[in-house]
Amino acid sequence: MIPYSRQQIDEDDIGAVVSVLRSDYITQGPAIAKFEQVIAAYCGTRHAVAVSSCTAGLHLACLALGVGPGDTVWTSPISFVASANCARYCGAGVGFVDIDPDTGNLSLQALEVKLAWAAAANALPKALVVVHFAGRVCDMGTIAALCRRHNVRIIEDAAHALGAIYQGRPVGACSFSDVVVFSFHPVKSVTTGEGGALTTNDPALAETLVMLRTHGITRKPELLEAKDPPGWHYEMQQLGYHYRMTDIQAALGISQMHKLDRFVAQRRLLAERYHTMLQGLPLLLPPADPESAWHLYAVRLTEEARIGRRALYDGLRRAGIGVNVHYIPIHLQPYYRRLGFKPGDFPQAERFYERALSIPLYPGLTEEMQDVVIQSLSSLITA
Ligand SMILES: *Cc1c(COP(=O)(O)O)cnc(C)c1O
């Protein structure tokens, strides 16, 4: 079986994990801070905060930006459910901005129209969760200009985009957003098993995130409300969560970060190869992009294809090719339908989903394996 994605683990990674297991601290030790420094240095941002998952990070990002009951958060319907759920955890409502079918990213035009409507209707969102679908970076400059005009905060859900570049700087630099959130799930650019991290240039926001990931508790003398407290004193100053990463995970993350650029370069080569070798088939290919992190290679069947998406999916799976579909539009999930969303609400997203298929792409995919994927796909689609 060739999976659609998988982790790339080597002996250095294993050694890094083992050395933490032999050390004094398997959690809340020195590896977390070091991992955070590595991420901040890579992204060129002042602060990085490691957490237990990207989902936890998105939740904390919303909380730290003050999202609460009565607020609304907007995101793209073509994403993993976590991009929207983070608002619901805070008691806020969710809205969606339809996508640009060429890229799968949210449509700038749809965003502009919806913001103008919301401004007139006094229904502006508190924050926008921008998703860099498949690792292709959204036009953050334009998005930031539109949002700034209406005082909408920006969270980048960069679960797909660690290692991608925008205007010469790494995603995570926060040049056009308040906070960026990464995932270290095994299918993402680098892995810690489960894990996530946030980056921000705002020291107060970073302080809040650190406190919220550990129950809302602080021991920092400069933050305590008590005067002249005893040595054991700590204060829970707000309702936080237990969203910490372990040192075991952080050590794996540090080791993986050394290989990030190599992993992304490999993904880019394989994506270029698909781009060349899949020409001429009844497929819409994702536009070439040398700055994308190429988390996914999501093709779409055209009207000319003689096989349906379901039959193609089943046929490839039977042939041992682990294809997948990204994503069932979030607003069509039963939970969101019960909130009032329905088919037809975001037609571009729905059409995109109907025809989409993600084919294998990960650093360990060899050209020989990729050729097998291309062969199987071509023969099924032209049969
Ligand atoms: C993977 C993913 C997440 C969730 O990441 P976890 O680390 O598993 O919580 C969120 N958003 C997007 C777009 C993702 O692909």
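The values are calculated or read from the model by the stated rules, or taken from the named source; none is laboratory data. Predicted model, so just to flag it, every value in this text is computed and none were measured. Please note: Cβ atoms are built from the backbone with ideal geometry, for glycine as well, and neighbour counts cover all protein chains shown. In case anyone asks, the SASA skips ligands and DNA or RNA and just uses the protein heavy atoms, side chains included. Shrake-Rupley method; radii C 1.70, N 1.55, O 1.52, S 1.80 Å.
Can you name the number of the only condition in (1) under 15 Å from Ala158 (Cβ atoms); (2) out of contact with any helix residue (DSSP H, G or I) (no Cβ under 9 Å at 6 or more places or on another chain) that Trp117 fails?
Checking Trp117 against (1) under 15 Å from Ala158 (Cβ atoms); (2) out of contact with any helix residue (DSSP H, G or I) (no Cβ under 9 Å at 6 or more places or on another chain), the one that fails is (1).
For the stretch 133-148: of the residues being touching a strand residue (DSSP E or B) at 6+ places or on another chain (Cβ under 7 Å) and in a loop (DSSP other than H, G, I, E, B), which is nearest to Ser189 (Cα to Cα)?
Selected residue: Val137.
Every residue, every condition in (1) at pLDDT below 95; (2) closer than 26 Å to Gln167 by Cβ; (3) of a type outside the set (A, V, I, L, M, F, W, C), yes or no:
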position: Pro30; (1), (2), (3): no, no, yes
position: Ala41; (1), (2), (3): no, yes, no
position: His47; (1), (2), (3): no, yes, yes
position: Asp71; (1), (2), (3): no, no, yes
position: Trp74; (1), (2), (3): no, yes, no
position: Ile78; (1), (2), (3): no, yes, no
position: Arg88; (1), (2), (3): no, no, yes
position: Leu124; (1), (2), (3): no, no, no
position: Val130; (1), (2), (3): no, yes, no
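Could you tell me whether the stretch 250-258 includes any residue that is of a type in the set (S, T, N, Q), touching a helix residue (DSSP H, G or I) at 6+ places or on another chain (Cβ under 8 Å), outside any loop (DSSP other than H, G, I, E, B) and modelled with pLDDT of 95 or more? Write out each step before concluding.
Kept after step one, since they are of a type in the set (S, T, N, Q), are these residues of the stretch 250-258: 255-256.
Still in the list and also touching a helix residue (DSSP H, G or I) at 6+ places or on another chain (Cβ under 8 Å): 255-256.
Within this subset, residues satisfying the condition of being outside any loop (DSSP other than H, G, I, E, B) are 255-256.
With the extra rule that they be modelled with pLDDT of 95 or more, the set shrinks to 255-256.
Among the residues of the stretch 250-258, at least one is of a type in the set (S, T, N, Q), touching a helix residue (DSSP H, G or I) at 6+ places or on another chain (Cβ under 8 Å), outside any loop (DSSP other than H, G, I, E, B) and modelled with pLDDT of 95 or more, which makes the answer yes.
If you check every pair at least six apart or on different chains, which have Cβ atoms under 6 Å apart with a residue in the stretch 63-85 that is closer than 17 Å to Cys138 by Cα and in contact (Cβ under 8 Å) with a residue 24 or more places away in the chain first and a residue that is away from the ligand (no atom under 16 Å from the Cβ) and open to solvent by less than 40 Å² (accessible area, probe 1.4 Å) second?
From the stretch 63-85, the pairs are Trp74/Gly95; Trp74/Pro125; Pro77/Phe346.
Collect the residues in the stretch 181-208 that are among the aliphatic types (A, V, I, L, M) and either assigned to a helix (DSSP H, G or I) or free of Cβ contacts under 8 Å to residues at least 60 places away in the same chain (or both), keeping them in residue-number order.
Once the filter is applied, which keeps residues that are among the aliphatic types (A, V, I, L, M) and either assigned to a helix (DSSP H, G or I) or free of Cβ contacts under 8 Å to residues at least 60 places away in the same chain (or both), the stretch 181-208 yields Ala204, Leu205, Ala206.
Which one of these is more than 16 Å from the ligand (Cβ to nearest atom) and assigned to a loop (DSSP other than H, G, I, E, B): Gly91, Gly104?
None of the other options fit; the residue is Gly91.
Given (1) outside any helix (DSSP H, G or I); (2) within 13 Å of the ligand (Cβ to nearest atom); (3) open to solvent by 20 Å² or more (accessible area, probe 1.4 Å), identify the lone condition not met by Gly70.
(2)
Residues in the stretch 76-99: is at least one surrounded by fewer than 17 Cβ atoms within 10 Å (Cβ to Cβ) and touching a strand residue (DSSP E or B) at 6+ places or on another chain (Cβ under 9 Å)? Let's see the steps before the verdict.
Residues of the stretch 76-99 surrounded by fewer than 17 Cβ atoms within 10 Å (Cβ to Cβ): 81, 91.
Within this subset, residues satisfying the condition of being touching a strand residue (DSSP E or B) at 6+ places or on another chain (Cβ under 9 Å) are none.
Looking through the stretch 76-99, none of the residues is surrounded by fewer than 17 Cβ atoms within 10 Å (Cβ to Cβ) and touching a strand residue (DSSP E or B) at 6+ places or on another chain (Cβ under 9 Å).
Kindly list the number of the only condition in (1) among the acidic types (Asp, Glu); (2) open to solvent by 30 Å² or more (accessible area, probe 1.4 Å); (3) over 30 Å from Val299 (Cβ atoms); (4) in contact with a Leu (Cβ under 8 Å, 6 or more places away or on another chain) that fails for Asp12.
Here Asp12 meets the rest and fails (4).
Can you find a residue that is more than 16 Å from the ligand (Cβ to nearest atom) and free of Cβ contacts under 8 Å to residues at least 40 places away in the same chain anywhere in the stretch 39-62?
If we filter the stretch 39-62 for residues that are more than 16 Å from the ligand (Cβ to nearest atom), which is where we start, we get 40-47.
This time we only want the ones that are free of Cβ contacts under 8 Å to residues at least 40 places away in the same chain, so: 41.
Within the stretch 39-62 (the criterion being more than 16 Å from the ligand (Cβ to nearest atom) and free of Cβ contacts under 8 Å to residues at least 40 places away in the same chain), the answer is yes, since at least one residue qualifies.
Residue check: is Pro286 in contact with a strand residue (DSSP E or B) (Cβ under 9 Å, 6 or more places away or on another chain) and open to solvent by 50 Å² or more (accessible area, probe 1.4 Å)?
no
Going by the conditions given, is Ser76 within 19 Å of the chain's Cα centre (by Cα) and more than 16 Å from the ligand (Cβ to nearest atom)?
On the way: within 19 Å of the chain's Cα centre (by Cα): yes; more than 16 Å from the ligand (Cβ to nearest atom): no.
Against the criterion (within 19 Å of the chain's Cα centre (by Cα) and more than 16 Å from the ligand (Cβ to nearest atom)), Ser76 does not qualify.
Could you list, in sequence order, the residues of the stretch 196-217 that are within 15 Å of the ligand (Cβ to nearest atom) and either open to solvent by 50 Å² or more (accessible area, probe 1.4 Å) or over 20 Å from Gly44 (Cα atoms) (or both)?
Listed by number, the list holds a single entry, Arg213.
If I ask for residues that are in a loop (DSSP other than H, G, I, E, B) and either touching a Cys at 6+ places or on another chain (Cβ under 8 Å) or within 16 Å of the ligand (Cβ to nearest atom) (or both), which ones from the stretch 152-173 would you list?
Going through the stretch 152-173, the residues in a loop (DSSP other than H, G, I, E, B) turn out to be 152, 158-164, 167-168, 171-173.
Hits for the stretch 152-173 are Ala158, Ala159, His160, Ala161, Leu162, Gly163, Ala164, Val171, Gly172, Ala173.
Which condition from (1) under 21 Å from Arg169 (Cβ atoms); (2) touching a Ser or Thr at 6+ places or on another chain (Cβ under 6 Å) is the one that Thr246 breaks?
Thr246 satisfies every listed condition except (1).
Name the residue that is farthest from His295 (Cα to Cα), counting only residues in the stretch 174-186 that are in contact with a Leu (Cβ under 9 Å, 6 or more places away or on another chain) and within 10 Å of the ligand (Cβ to nearest atom).
Val181
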